[in-house]
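To start, the structure itself, in structure tokens.
The values are calculated or read from the model by the stated rules, or taken from the named source; none is laboratory data. Since the model is a prediction, treat every value here as computed from it, not as a measurement. Here the Cβ is made from the backbone with ideal geometry for all residues, glycine too, and neighbour counts use every protein chain on show. The accessibility values were calculated without ligands, DNA or RNA, using every heavy atom of the protein model including side chains. Shrake-Rupley method; radii C 1.70, N 1.55, O 1.52, S 1.80 Å.
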Amino acid sequence: MKRLDKILKKEKYIKIKLKKIATNHLELKAKINGIKGRFILDTGASNSCVGLDLIAYFNLDAQESETKAAGAGATDMETKKSENNSLKIGGWHTKKSNLVLFNLEHVNSALTQHNAKEVHGIIGADILQKGKAFIDYNKHVLYLKKN
């Protein structure tokens with residue numbers, strides 16, 4: 001795996017450490033609009049998400065959305081959206097991150113029941129695709145290509 005690390009570094013990938021939490025999720029730290037947060041990495045989430053109650057915390061411009069959210073045991077949840085946010089994960093960043101905003105109570109309730117800390121949101125496939133991601137599950141590392 002050292003070879004993979006060298007190859008990705010040569011290809012201008014940034015190495016981001018992940019933390020395995022009690023629920024077996026991988027957690028990472030990120031900044032939205034310059035504000036620090038804790039997020040779950042979820043390859044099955046089509047969009048990156050933030051809790052509705054954190055609009056002011058992350059200085060988000062929230063707009064109405066027709067989309068309903070579903071996942072993690074909840075369905076048909078009301079959402080809002082926030083476009084063109086700054087997102088920084090380790091040394092990787094984008095200024096055009098679109099976020100889905102919805103109630104994360106069910107997610108955080110499940111985490112705390114397993115003695116894990118609550119999260120501010122979820123980093124989903126949209127960011128993983130934008131960053132041309134590689135995930136080393138064994139070493140708990142995310143690689144995103146520098147843009």
Solvent-accessible area per residue for segment 14-64 (1.4 angstrom probe, square angstrom)
54 Å²
I want to check the label-to-label distance for K139 and N115. Put each point 7 Å from Cα in the C-beta direction and report it in nm to one decimal.
2.9 nm
Under a plain spin-label model, where a point goes 7 Å from the Cα along Cα-to-Cβ, how far apart in nm are K31 and K19?
1.8 nm
Answer with a single label: of (1) 15.2; (2) 16.7; (3) 15.7, which was calculated as Kirkwood radius over Cα pairs in Å from the structure in view?
(3)
Using just the helices of the chain, give the 222 nm mean residue ellipticity in deg cm²/dmol: DSSP H runs with n ≥ 4 each add -39,500 (n - 2.57), and the total is spread over all residues, rounded to 500.
-4500 deg cm²/dmol
Report, to the nearest whole %, how much of the accessible area of the chain belongs to carbon and sulfur atoms, 1.4 Å probe, protein only.
49 percent
Extension gain from T43 to K6, taking 0.36 nm per residue of separation minus the Cα-Cα distance
10.9 nm
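Please give the charge dipole size of the chain, origin at the Cα centre, charges +1 on K and R Cβ atoms and -1 on D and E Cβ atoms. Round to the nearest 20 debye.
1420 debye
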Solvent-accessible ranking of H140, H114, largest area first, probe 1.4 Å
H114, H140
